[in-house]
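Only the coordinates and a few stated rules stand behind these numbers; no lab work does. Here the structure is a predicted model, which is why all the values come from computation and not from measurement. Backbone-built Cβ (ideal geometry, glycine too); neighbour counts: all protein chains shown.
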Amino acid sequence: MSTIYLLPNTLGDTDADLVIPKNVQQITSNLRYFFVENLRTARRYLRKIDNSFPIDESVFFDIGKRVDFHDVKNYFSELKADAGIISESGMPAVADPGANIVAVAREKGFKIVPLVGPSSILLSLAASGMNGQNFAFHGYLPIDKLALINKIKDLEQISRKFNQTQIFIETPFRNNALFEALIKNCNPSTLLCVAKEITTNEEQIITLPVSKWKKQQINIHKKNTIFLIHTS
C-alpha cells in the first residue's frame, strides 16, 4: 500500500531552507503525485525547493473549495505510487482541507506520514506568552457583527473558566474589522496576541492587554495573522 506524506509549506515569502528540513525537501522532490488546493502555487512551491523538479511528469489532484468531496475519493484509484498533500501555508490537514484526504486515505488503508514543518498556530502560541498547556483553535469567527460579538464574549468566558488560550484566524482583508471588534468588546484586562506573517521578514508577534492595544498601531490588513486571547 502506498504512503501519503503530509508536506509542510512555507508560511509566506520565506526561504524554504530556513523552515523546511532538507530531508523533507528530498522526500517532496521524489514524489510525483500530489493533492493540492491550488495548482499554480503548488507548482511554484515545488520549484522553490527544487528548481529542476519535473512538473510535467507529475500528477496533481485538485482538493480546492470548488471540488466535490465525492470526486476526491475517486483520486485514490489513480494513485500509482506514494503521494503528498501540500497545504497552501504551513502544515497540511490542520485548519486545512487536507484533513479530508487523510480521512479517506486512512479508510482505504494508506500509511500516513506527517513531516516536520512550520505551523502558524503553534508558533504563535509558543511566542504569545499565554497558556500553552490548555488551548483551543476555533478557525474563523462569525462574520455577522452581533454573532461575532457574542462569540468573542463566549471565548473570554471559556478562557477565564478553564484557563485556556483561545486561538482563531480571519480572512486577511477582514483582519482590521476583527481586531477592532476585539478591542471594543473584550475586557480591558484580557490579553490579546496578534501574530502576523510568522517566519517572514514582516513577522510581528505582540501580546498586550486590550487596554494597551487601544494605543498600539499594527498593520495587519491583508496580512496572514493569528489572533490569541487569554483572560483570568
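Determine the alpha carbon to alpha carbon distance for each of Lys73/Lys223; Lys151/Lys184; Lys184/Lys212; Lys22/Lys48; Lys22/Lys222 and list only those over 22 Å. Those over the limit are Lys73/Lys223; Lys22/Lys222. Over the range 120-230, the pair-distance histogram of Cα-Cα distances with 10 Å bins from zero comes to 15, 53, 30, 2 percent, rounded to whole numbers. What the Cα atoms of the range 3-114 give is an Rg and a Dmax of 13.0, 37 Å.
More than 30 angstrom separation, counting every C-alpha pair in the chain; what % is that?
On the way: 8845 of 26796 pairs.
Counting pairs separated by more than 30 Å, the tail of P(r) holds 33 percent.
Determine by what factor the alpha-carbon radius of gyration of the range 84-176 differs from 2.2 N^0.38 Å, reporting the quotient.
Working: Rg = 15.9 Å, N = 93, 2.2 N^0.38 = 12.3 Å.
That ratio works out to 1.29.
So what's the net charge close to Val113: Lys and Arg +1, Asp and Glu -1, counting the other residues with Cβ under 13 Å from its Cβ? Before the final figure, lay out the partial values.
Working: positive: Arg106, Lys111; negative: Asp82.
Combined, the nearby Lys, Arg, Asp and Glu give +1.
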